[in-house]
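So the structure is just underneath, and the comments pick up after that.
No value in this document is a laboratory result; all are computed from the given coordinates. Computed from a predicted structure; not experimentally measured. Backbone-built Cβ (ideal geometry, glycine too); neighbour counts: all protein chains shown.
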Amino acid sequence: MIDGLGIIIVTYNPDEKDFIGNINEYIDSSNNIVVVDNSKNPYVGESLIKYSNIEYICAGDNLGIAKAQNIGIEYLISQKVKYLLFFDQDSYLSTEQINSLMKSIEYLRTSHRVGIIAPGNDETSIKYTLEKEVISSGSLIPVEVLKDIGNMRDDFFIDFVDYEWCWRARSKGYKVYSDNSVILSHQTDEPDKVVGKIVSKPFRDYYFYRNSIYLLKNGLMIDSKVMFIYKIIKHTVFEIFFCKNKLKRIKFITSGINDGINGKMN
């Protein structure tokens with residue numbers, strides 16, 4: 001067990017085989033693990049009964065990744081943990097990898113103001129990379145830093161939740177790192193891809209565009225707006241010309257842009 005570590009796992013209708021496999025990866029890593037379930041599948045809670053160090057919290061509805069993470073954060077802070085490690089249901093790190101990530105952040109914090117560290121890229125021989133942002137799954141945050149920066153923005157629901165938190169941390173002088181010696185493992189089934197890019201469900205377009213417009217309108221990104229707009233244009237081309245359900249996607253895109261412009265975040 002790793003002292004002072006709390007693990008947050010957010011689930012939504014997880015594949016049972018993958019979910020149990022991932023849980024078995026975490027079980028020896030921490031005495032404080034919380035699973036926040038955004039779905040109503042009974043097997044999620046039932047499968048965790050035998051684990052004494054896992055707290056199961058059923059949200060009862062899909063509250064979004066950010067709200068679920070915040071529920072987990074508040075629970076683990078009450079348990080007096082020092083570090084928070086975040087996971088989606090379809091990814092995991094071994095106990096050895098988690099230990100390595102913990103040692104890395106403790107080492108970096110001796111000389112840098114580190115806000116967050118995450119698994120990296122196995123295509124480089126450089127151990128640490130300074131990043132603009134990292135994804136939440138596999139990321140490690142000191143509790144004292146999170147208290148300074150604040151929780152995840154639950155009104156974002158899903159898209160850009162992790163990026164916005166990283167930008168917020170950087171705006172307060174914290175650094176974002178990846179540890180390239182630690183590589184995040186993913187689910188056994190490959191997601192649908194087109195031209196090498198993962199295809200998300202059409203409803204995600206609403207949150208992508210609403211949150212993108214809101215970030216642009218309110219100046220919440222810390223980097224170039226031009227590059228951000230370029231990414232939005234690329235995403236639009238991909239969603240409309242390469243993905244199925246084009247009309248449905250256009251409907252969600254339009255709705256997201258309108259709500260983003262009007263600041264409608266709930």
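Arrange the peptides 253-266, 16-29 so that the one whose residues have, on average, the most other Cβ atoms within 10 Å appears first.
Final packing ranking: 16-29, 253-266.
Report the convex hull volume per residue for the chain, counting only C-alpha atoms, in Å³. Don't jump to the answer; show the numbers that get you there.
Values: hull volume 35.8 nm³, N = 266.
Dividing the Cα hull volume of the chain by its residue count gives 134 Å³.
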Filter the trypsin sites (Lys or Arg not before Pro) in segment 44-118 down to the DSSP loop ones having no more than 10 other Cβ atoms within 10 Å, then list what survives. Lys50, Lys80
Kirkwood hydrodynamic radius of segment 29-75, from inverse mean 1/r over distinct Cα pairs, in Å: 11.0 Å
Residue-by-residue Karplus 3J(HN,Hα) for segment 209-216, coefficients 6.51, -1.76, 1.60, Hz, glycine and proline x: 7, 4, 5, 4, 4, 4, 4, 5
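Provide the percentage of antiparallel DSSP beta bridges, counting only those with both residues in the chain; round to the nearest 5.
35 percent
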With +1 on the Cβ of every Lys and Arg and -1 on the Cβ of every Asp and Glu, and nothing else charged, how large is the dipole of the chain about its Cα centre, in debye rounded to the nearest 20? 1240 debye
Size of segment 128-266 as Cα extents on the principal axes (Å, biggest first): 45, 39, 26
Cα-based equivalent ellipsoid of segment 87-149: semi-axis lengths in Å, sorted from largest, via gyration tensor: 18, 16, 12
Which number gives the lysine pairs in segment 5-184 that have C-alpha atoms under 21 Å apart and are eight or more places apart or on different chains? 21
Along its principal axes, what span do the Cα atoms of segment 33-129 show, with the longest given first and each in whole Å? 44, 30, 26
So the angle from the long Cα axis of helix 95-108 to the longest Cα principal axis of the chain, reported in degrees to the nearest 10, equals 80 degrees
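With +1 assigned to the C-beta of every Lys and Arg and -1 to the C-beta of every Asp and Glu, and no other charges, what is the dipole magnitude of segment 193-261 about the Cα centre in debye, to the nearest 20? The partial results should precede the final answer.
Details: 14 positive and 4 negative charges, 65 e Å.
Computed about the Cα centre, the dipole is about 320 debye.
Against the globular-protein guess of 2.2 N^0.38 Å, express the Cα radius of gyration of segment 193-261 as a ratio, rounded to two decimals. Kindly include the intermediate steps, with their values, before the conclusion.
Details: Rg = 12.1 Å, N = 69, 2.2 N^0.38 = 11.0 Å.
My calculation over the Cα atoms of segment 193-261 gives 1.10.
Lys and Arg at +1, Asp and Glu at -1: add these up for the other residues within a Cβ distance under 12 Å of Arg249 and post the number. Can you show the working numbers first?
Numbers: positive: Lys201, Arg204, Lys244, Lys246, Lys248, Lys251; negative: Asp205, Glu239.
Net charge around Arg249: +4.
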